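A short worksheet on the structure shown next.
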Amino acid sequence: MSDDAISRNDNRSTTPLNSAFHGYISGDWAHVEQPVTAQRAQVPFCAGRRRALSSEFVGHTLVFPAGPMLVRSYDTHPPYRAHSAFTYYTGWGADTVPDSVLVLTPNGDHHDAILFYRFPAGRGTEEFYADADIGEFWVGPRPTPEDVAVELGITTKSLADLPNVLTQADSSWAMIREADSAVTEAIDSARGHSDTRDSDLAVFQSEQRLVKDEFEISEIRLAIAATASGFDDVLGTMSEVTAHTRGERLIEGTFNRRARAEGNYVGYETIAAAGAHACFLHWVRNDGPVRDGDLVLMDAGVEVESLYTADITRTFPVNGRFTETQRHVYEAVLEAADAAFAIVKPGIVFRDVHAAAMAVIARHVSDWGFLPVSLDESLSESGQHHRRYMVHGTSHHLGLDVHDCPQARKEFYRDGIVREGMVFTIEPGLYFQVDDLTVPEHFRGIGVRIEDNIVVTSTGAENLSIGIPRTANDVEAWVRRLA
Ligand code: GLY
Ligand code: MN
């Protein structure tokens, strides 16, 4: 028997489907007045972003799907997250109705924006009570088309009308391909090919997002403030954390609690790495103990309702006191972070931020005698031996995605000129794996990363996360104060 022969709900749902039941459940619902909606603060910014996009793609229909709900474990869904390009141009964040699609239709030298989404189905429909994925009896109400149009300042149309629109696709259309495979397939099949304009669109929106507007910067500030509270929450639980066999999980849970309470979710999986786990750059298993004497490397960010995220790392001694070696490593990393920050201003090349941090990291590991070559040889292109202790980059753009603007061309990102309004991380680290024979034993198992989020100003840069303790002394005092 094929899987299709068994309806998904056959074994699970007891919802009656007879007409008497349907008639009864469809009626006798009072009209409930909804609160009056207002235009959201991001509307003028999103309209401006669409105008800039429009002038670049005159005559082309542009399609931005929000994407479907993800499935975890057969038929359950993790918290929904719209595709970032969709949110960038619509301003619709955490409360986006899944499967929505923004279509920009050319109209002379500009575009008309239409937001297709699943309208409320009405209580006379089977969907209302019998569809566990989208039925409003199951997952809560959807907003009315009028409310969405007012809140986002975009004309709305029913998602039911979208298939007919997509059949009109021709070679002038461009879409974000990875957001929703059903939309991608419908457009590809209508136009008979997958066109390279799609990659032009992906690149353009990524590069447009490199410089943040005022709304975006204020949302990132909110994300950082919530993240700071999450770090404080964690430090307030350290006695419980050290008493538990999986203390790292408690750290993750405490931070994520703050993320859910104040924001939409975490911007990426929380890294809670104690002791030698800190040497694994993206340790998200978080199933280890946290012991007195350990450093904890915590890399975490709250994603707020508008879907902007923070990305902060702090490394702290569990007992409030760095050992001498831990402090040496910590201060080397801090010096690298400060050196990188010091050069940031409009006009520099982005990759030079990394180079500034690396010069400090290389000097320290050279001074400690860890390099098999001279400092100059290590710093040369054909050397780079010091990178053994920090294999990752120092900076990435930050915004709607934690690694923002990923499709920007190299000449505008890594090799690009830093401009006012860019927001990026500075996150050097040093990681001495437990089995690293190139370093003395007392360095092994120490991992430190310090990550701040900065915005480029007209004359330099502002460290947006400066309020989260970052010098060794301040970190010690912070741990002790909240213990
Ligand atoms: N916060 C993890 C990373 O930047 O890769
Ligand atoms: Mn980062």
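Values quoted throughout were computed directly from the atomic coordinates according to the rules given, and no laboratory measurement underlies them. Values in this document were obtained by computation on a predicted structure and should not be read as measured data. Backbone-built Cβ (ideal geometry, glycine too); neighbour counts: all protein chains shown.
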**Asked** Among TYR413, VAL365, SER382, whose Cα sits farthest toward the positive end of the charge dipole of the stretch 342-483 (+1 at Cβ of Lys/Arg, -1 at Cβ of Asp/Glu, about the Cα centre)?
**Response** TYR413
**Request:** Compute the separation of the alpha-carbon centres of the stretch 30-51 and the stretch 302-373 and state it in Å as a whole number.
**Result:** 41 Å
**Footprinting exposure proxy for THR90, THR14 (fewest neighbouring C-beta atoms within 10 Å first)** = THR14, THR90
**Request:** Report Rg (one decimal) and Dmax (nearest whole number) for the chain, counting Cα atoms only, units Å.
**Result:** 25.6, 85
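Ranked by Cβ crowding within 10 angstrom, fewest neighbours first, how are ILE154, ILE220, ILE417 ordered?
Taking fewest neighbouring Cβ atoms as first place, the list is ILE417, ILE154, ILE220.
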**Prompt:** Efficiency by 1/(1 + (r/R0)^6): what FRET value for ASP112 and ASP133, r their Cβ-Cβ distance, R0 = 35 Å, to the nearest 0.05?
**Reply:** 0.70
**Prompt:** Summing -39500 (n - 2.57) over the DSSP H runs of n ≥ 4 in the chain and dividing by its residue number, what mean residue ellipticity at 222 nm do you reach, to the nearest 500 deg cm²/dmol?
**Reply:** -10500 deg cm²/dmol
**Prompt:** Helix 324-343: angle to the longest alpha-carbon principal axis of the chain, degrees 0 to 90, nearest 10?
**Reply:** 60 degrees
**Asked** Residue farthest toward the positive end of the dipole of the stretch 144-290, with Cβ of Lys/Arg at +1 and Asp/Glu at -1: which of LEU235, SER189, LEU162?
**Response** LEU235
**Prompt:** Which ³J(HN,Hα) values, rounded to whole Hz and listed in residue order, are derived for the stretch 256-272 from phi using the Karplus coefficients 6.51, -1.76 and 1.60 in 6.51 cos²θ - 1.76 cosθ + 1.60 with θ = phi - 60°, glycine and proline given as x?
**Reply:** 5, 4, 5, 4, 6, 6, 9, x, 7, 5, 7, x, 6, 4, 5, 9, 10
**Asked** Got a sec to turn the phi values of the stretch 61-72 into Karplus ³J(HN,Hα) couplings, 6.51 cos²θ - 1.76 cosθ + 1.60 with θ = phi - 60°, whole Hz, x for Gly and Pro?
**Response** 6, 10, 10, 10, x, 7, x, x, 5, 7, 10, 10
**Complete:** If every Lys and Arg gets +1 and every Asp and Glu gets -1 at its Cβ, then about the Cα centre the chain yields a dipole, in debye to the nearest 20, of 660 debye
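Provide the FRET efficiency to the nearest 0.05 for the PHE280-ALA30 pair, computing r from the beta carbons and using R0 = 56 Å.
Working: r = 56 Å, r/R0 = 1.00.
The computed FRET efficiency comes out at 0.50.
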**On Cα atoms only, tilt of 43-56 relative to the major axis of the chain in degrees** = 90 degrees
**Request:** Give the distance, in whole Å, between the Cα centre of the stretch 418-483 and the Cα centre of the stretch 101-151.
**Result:** 43 Å
**Asked** Quick one: if you take sqrt(5λ) for each eigenvalue of the C-alpha gyration tensor of the stretch 163-282, what semi-axes come out, biggest first, whole angstrom?
**Response** 43, 18, 14
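How do LEU400, LEU482 rank when sorted from fewest to most other Cβ atoms within 10 Å of their own Cβ?
On the way: LEU400 25, LEU482 15.
Least to most surrounded, the residues fall as LEU482, LEU400.
Where the only charges are on Cβ atoms (+1 Lys, Arg; -1 Asp, Glu), what is the dipole of the stretch 182-280 about its Cα centre, to the nearest 20 debye?
Values: 10 positive and 17 negative charges, 73 e Å.
Computed charge dipole of the stretch 182-280: roughly 360 debye.
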**Request:** Report, largest value first, the span of the C-alpha coordinates of the stretch 353-483 along each principal axis, in whole Å.
**Result:** 46, 43, 26
**Asked** For the stretch 424-466, what value does the Rg/Rh ratio take when both radii are computed over Cα atoms and Rh is the Kirkwood radius, given to two decimals?
**Response** 1.26
**Request:** Give the long-range amide H neighbours of TYR265: residues separated by 5 or more places, or on another chain, with amide H under 5 Å away, using H modelled in the peptide plane at 1.01 Å from N.
**Result:** GLU303
**Asked** So what are the ³J(HN,Hα) numbers for the stretch 418-427, from phi and the Karplus equation (6.51, -1.76, 1.60; θ = phi - 60°), rounded to whole Hz, Gly and Pro as x?
**Response** 6, 10, 4, x, 6, 10, 8, 8, 10, 9
